[in-house]
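Chemist: Below is one structure. I have some questions about it.
The values are calculated or read from the model by the stated rules, or taken from the named source; none is laboratory data. Since the model is a prediction, treat every value here as computed from it, not as a measurement. Every residue, glycine among them, receives a Cβ derived from its backbone with ideal geometry; neighbour counts consider all protein chains shown. When the accessible area is computed, the model is the full protein with side chains, heavy atoms only, and any ligands, DNA or RNA have been set aside. Shrake-Rupley method; radii C 1.70, N 1.55, O 1.52, S 1.80 Å.
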Amino acid sequence: MIAGRIAAVALMIAGAAAGATAAEPLPSGTSYLSEGLRTQQLDEAANPGMLWVGEGARLWELPQGPAGRSCTSCHGAAADAMRGVATRYPAVDAPSGDLLNLEGRINRCRTRHQEAEAFAYESDELLGLTAFVARQSLGMPVRVETGGAAAPHYDAGRAFFHRRQGQLNLSCAHCHVDNAGRPLRGDTISHGLANGYPAYRLEWQALGSLHRRLRSCSFGVRAVQHGYGSPQYLALELYLAARAEGVPVETPAIRR
């Protein structure tokens, strides 16, 4: 009798766990775009972000630094070697223990293997290569590692997301959880997922990184704007990626 009850409880726990893992992913910011913008995003000839992807494709083949190596020299064809890579970032770099996003990984490869200088954050070169690499994972679901060495960064990012900040005393969650889907100044508040970055924002009239958007959000609530590639924004980026688990990569997305 007792053994039977234990087995029943075990089945209930297993069922609950299965239900938890089968939860539907949050909706991408693309779902809040107009039909015209969604169509434009899907059309490679009309999506302005593809101009940066094209630049990234050129840089992929270009020998760099004293080593005279191109990305192709080590990785070969991007369509094969980079497929799925963007779904796993940010990730911890094993040799250094640093948390790197895709931009950081590209620059680490430049300095470590090409013996070249790192690209400046928000430069067209870094945006182009990042968008090109991410494009190879188009349509694949985001799935980052949040345990092990990544766990402290994930915890820091989660704390940042839920912490009230700035003169407006708001957290990221106040907008992107409590009010997601509601209108704000002619736009719709999204869930704050980053599966489309680098993205072409209409307000910028250019491609921009996620950290550029995070700095805008910090400015909007009158909080401290951390630097591009800062530990604070990298940790937040990891947490946002975890919230986007199962959501397909859409780089370069179009956002308002």
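Chemist: Looking only at the range 27-76, which residues are aromatic (F, W, Y) and out of contact with any helix residue (DSSP H, G or I) (no Cβ under 8 Å at 6 or more places or on another chain)?
Modeler: Across the range 27-76, the qualifying residue is only Y32.
Chemist: Let me ask something else about it. Is it the case that the range 151-167 has a residue that's part of a loop (DSSP other than H, G, I, E, B) and open to solvent by less than 70 Å² (accessible area, probe 1.4 Å)? Can you show your working first?
Modeler: Restricting attention to the range 151-167, the residues satisfying the condition of being part of a loop (DSSP other than H, G, I, E, B) are 163-164, 166-167.
Remaining after also requiring open to solvent by less than 70 Å² (accessible area, probe 1.4 Å): 166.
Within the range 151-167 (the criterion being part of a loop (DSSP other than H, G, I, E, B) and open to solvent by less than 70 Å² (accessible area, probe 1.4 Å)), the answer is yes, since at least one residue qualifies.
Chemist: Just to be sure I understand, how many residues within the range 120-139 are assigned to a loop (DSSP other than H, G, I, E, B), out of contact with any Lys or Arg (no Cβ under 7 Å at 6 or more places or on another chain) and surrounded by 15 or more Cβ atoms within 10 Å (Cβ to Cβ)?
Modeler: Qualifying residue count for the region: 1.
Chemist: For G192, are the conditions met, namely being touching an Asp or Glu at 6+ places or on another chain (Cβ under 6 Å), not hydrophobic (A, V, I, L, M, F, W, C) and not in a helix (DSSP H, G or I)?
Modeler: Values: touching an Asp or Glu at 6+ places or on another chain (Cβ under 6 Å): no; not hydrophobic (A, V, I, L, M, F, W, C): yes; not in a helix (DSSP H, G or I): yes.
It is false that G192 is touching an Asp or Glu at 6+ places or on another chain (Cβ under 6 Å), not hydrophobic (A, V, I, L, M, F, W, C) and not in a helix (DSSP H, G or I).
Chemist: Anything in the range 36-75 that is surrounded by 17 or more Cβ atoms within 10 Å (Cβ to Cβ) and not in a helix (DSSP H, G or I)? List them, or say none.
Modeler: Hits for the range 36-75 are N47, G49, Q64, R69.
Chemist: So, one more: Which of the residues belonging to the range 76-91 are open to solvent by 40 Å² or more (accessible area, probe 1.4 Å), assigned to a loop (DSSP other than H, G, I, E, B) and either free of Cβ contacts under 8 Å to residues at least 24 places away in the same chain or in contact with a Leu (Cβ under 6 Å, 6 or more places away or on another chain) (or both)?
Modeler: Correct list: A77, Y89.
Here is a yes/no grid of residues against (1) under 20 Å from T30 (Cβ atoms); (2) surrounded by fewer than 19 Cβ atoms within 10 Å (Cβ to Cβ); (3) of a type in the set (G, A, S):
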residue	(1), (2), (3)
C175	yes, no, no
N179	yes, yes, no
P183	yes, yes, no
D187	yes, yes, no
S190	yes, no, yes
N195	yes, no, no
E203	yes, yes, no
G227	no, yes, yes
A235	no, no, yes
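Chemist: Still on this model: Which ones in the range 217-246 are within 18 Å of T130 (Cβ to Cβ), of a type outside the set (D, E) and out of contact with any His (no Cβ under 6 Å at 6 or more places or on another chain)?
Modeler: G227, G229, S230, L234, L236, L240, A241, A244, listed by residue number.
Chemist: Right, next: Looking only at the range 211-225, how many residues end up being buried (at least 23 other Cβ atoms within 10 Å of the Cβ) and in a loop (DSSP other than H, G, I, E, B)?
Modeler: 0
Chemist: Pick out the one residue from G104, G139 that is of a type outside the set (S, T, Y) and at positive phi.
Modeler: G139
Chemist: Still on this structure, please answer the following. Considering only residues of the range 100-119 that are of a type in the set (G, A, S) and either assigned to a loop (DSSP other than H, G, I, E, B) or within 15 Å of L59 (Cα to Cα) (or both), which is most open to solvent (accessible area, probe 1.4 Å)?
Modeler: A118
Chemist: Scan G192, G196, G208 and give me the residue that is at positive phi and either of a type in the set (S, T, Y) or touching a helix residue (DSSP H, G or I) at 6+ places or on another chain (Cβ under 9 Å) (or both).
Modeler: None of the others qualify; the one that does is G192.
Chemist: So A94 ticks every box in (1) assigned to a loop (DSSP other than H, G, I, E, B); (2) of a type in the set (A, V, I, L, M); (3) at pLDDT 95 or above but one. Which box is left unticked?
Modeler: (3)
Chemist: Does any residue of the range 203-210 turn out to be assigned to a loop (DSSP other than H, G, I, E, B), touching a Phe, Trp or Tyr at 6+ places or on another chain (Cβ under 9 Å), under 22 Å from E122 (Cβ atoms) and modelled with pLDDT of 95 or more?
Modeler: yes
Chemist: When you look at T146, is it of a type in the set (S, T, Y), within 18 Å of the chain's Cα centre (by Cα) and open to solvent by 20 Å² or more (accessible area, probe 1.4 Å), yes or no?
Modeler: yes
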